[in-house]
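The values are calculated or read from the model by the stated rules, or taken from the named source; none is laboratory data. Everything numeric in this text was worked out from a predicted model, so none of it was measured. Here Cβ is always computed from backbone atoms with ideal geometry, including for glycine, and neighbour counts include all displayed protein chains.
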Amino acid sequence: MKQTILGMDKDSFVEKINFRKRLIVSALFGAVLLNVLFTFLRNDRNHGLMLFLNIFVDALGGWFAISYHSFRISPPKKLLRIYEAKRSMLRGKVVEISEETYTIQSIPCRRVVVEGNGQQVVFLPENGAITLNVGESWTFSLASGLVVEVET
Amino acid sequence: MRKEVLSHIQYSGWKYFVVLLASILFWTTVFSALAHPKAHEKVSISCFVDELEIGLINERLNAEKESITAQKLKVISVENFPSGDPMLGVLLATRKITSDILIVSENVLALNPSGSAQVDPKTFIPFSREKLEELLEGKVENLDFYYVEGYAVGIYLNKEDGTSGRFGDFYKGNERCVAFLSNESVNLGSLYDIGDPSNRAALDVLVYLLTK
């Protein structure tokens, strides 16, 4: 059995990120279209309302882009970056998984203690697709101490 | 998740603030430009006259603009500058004064001791007396034209004996004042063959000032 932090093949994962990027561009394009509409609808009576709507739509579009990028695009991109990094191998049994979260290379991780040739600490990205349980034995693929792939 | 959100706000909060601020600044600027009245929605008058009650004339013209003219106006704007302002000549020469009507007291047009007039009356473009009288439809009797080399270039707003129309309500001096019409104005009923002939708000304002 094999698990990767991507949870799918690399191409599908890249496509998923690209789709999310396209979603942001579409949202911003929608905001621009609304801006054009509100600007055309503007007259002396509704001047204040249309001004507010344009500001509101732009602020909302901008806020959506920032938050969506921060929570839905940036984390998978980081996972992809470490997935593509140079790896080392480690074989061992999981003896402890921390409840606490550690930030390694801007990625929130769980601290995992592995018993192999002596005890070793590795970090499991929290938002990755790998599930580990205490007592299981795995062959770990590591990139800078972060678990990228596990295989029985 | 809550921890992630808090951390995100802590590190990226400024981005949300910048987006909001940029949006406000951008749209306020754009909408201010859009709200700016177009040439046919505004009659502007520049005055180089001392002792003119500028606040009163502005207030009265804007309060009565619907009865003064049938043309749909957003505003009638009257600005006053000191008659001795040496910039007037420069402004006229560089065509920086783009108002529909320019009101100047006669001393500005007269020669000063150095032998040169502050404003050369030849700066002003002559108009057809007959066409103006036709456009005014007899609403003003005994129009007193200001001539330069035999051509009518302006209209006196008050008479030599000190009497005048409504202009006298706002002007407390004893100089004679001349109204010059801009050959670029679109609110003069095509007096200078420019603009829509039905847009004649500047002429209506002139009538208002010349009559009681």
*Sort out which residues of region B:8-60 are part of a helix (DSSP H, G or I), polar (S, T, N, Q) and more than 9 Å from chain A (Cβ to nearest Cβ), and write them in order of number.*
B:Gln10, B:Thr29, B:Ser32, B:Asn58
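For every residue, the table says whether it meets (1) in a helix (DSSP H, G or I); (2) away from chain B (no Cβ under 12 Å); (3) polar (S, T, N, Q).
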| position | (1), (2), (3) |
| --- | --- |
| A:Arg22 | yes, yes, no |
| A:Leu28 | yes, no, no |
| A:Ala31 | yes, no, no |
| A:Phe38 | yes, no, no |
| A:Asp44 | no, no, no |
| A:Phe52 | yes, no, no |
| A:Val57 | yes, no, no |
| A:Tyr68 | yes, no, no |
_Looking only at region A:116-152, filter to residues that are in contact with a Lys or Arg (Cβ under 8 Å, 6 or more places away or on another chain) and outside any strand (DSSP E or B); which one of those is surrounded by the most Cβ atoms within 10 Å (Cβ to Cβ)?_
A:Glu126
*Would you check if A:Lys77 is under 27 Å from A:Glu15 (Cβ atoms) and within 16 Å of the chain's Cα centre (by Cα)?*
yes
*Restricted to region B:169-190, and to residues that are aliphatic (A, V, I, L, M) and not in a loop (DSSP other than H, G, I, E, B), which residue is surrounded by the fewest Cβ atoms within 10 Å (Cβ to Cβ)?*
B:Ala179
*In region B:191-212, what count of residues is obtained for those that are in a loop (DSSP other than H, G, I, E, B) and either closer than 20 Å to B:Val78 by Cα or of a type in the set (Asp, Glu) (or both)?*
6
_Step by step: first the residues of region B:130-168, then only those that are among the hydroxyl-bearing types (Ser, Thr, Tyr) and either in contact with a strand residue (DSSP E or B) (Cβ under 9 Å, 6 or more places away or on another chain) or outside any loop (DSSP other than H, G, I, E, B) (or both), then the one that is surrounded by the fewest Cβ atoms within 10 Å (Cβ to Cβ). Which residue is that?_
B:Tyr147
*Exclusive hit being of a type outside the set (Gly, Ala, Ser) and crowded, with 20+ Cβ neighbours inside 10 Å, set B:Leu73, B:Leu34*: B:Leu73
*Given (1) out of contact with any Asp or Glu (no Cβ under 9 Å at 6 or more places or on another chain); (2) of a type in the set (A, V, I, L, M, F, W, C); (3) within 18 Å of B:Val19 (Cβ to Cβ), where does A:Ala31 come up short, assuming only one miss?*
(1)
*So is A:Gly92 in contact with a Gly (Cβ under 6 Å, 6 or more places away or on another chain) and away from every other protein chain (no Cβ under 14 Å) or not?*
yes
*Find the residue count for region A:117-152, including only residues that are closer than 16 Å to A:Lys86 by Cβ and modelled with pLDDT of 90 or more.*
9
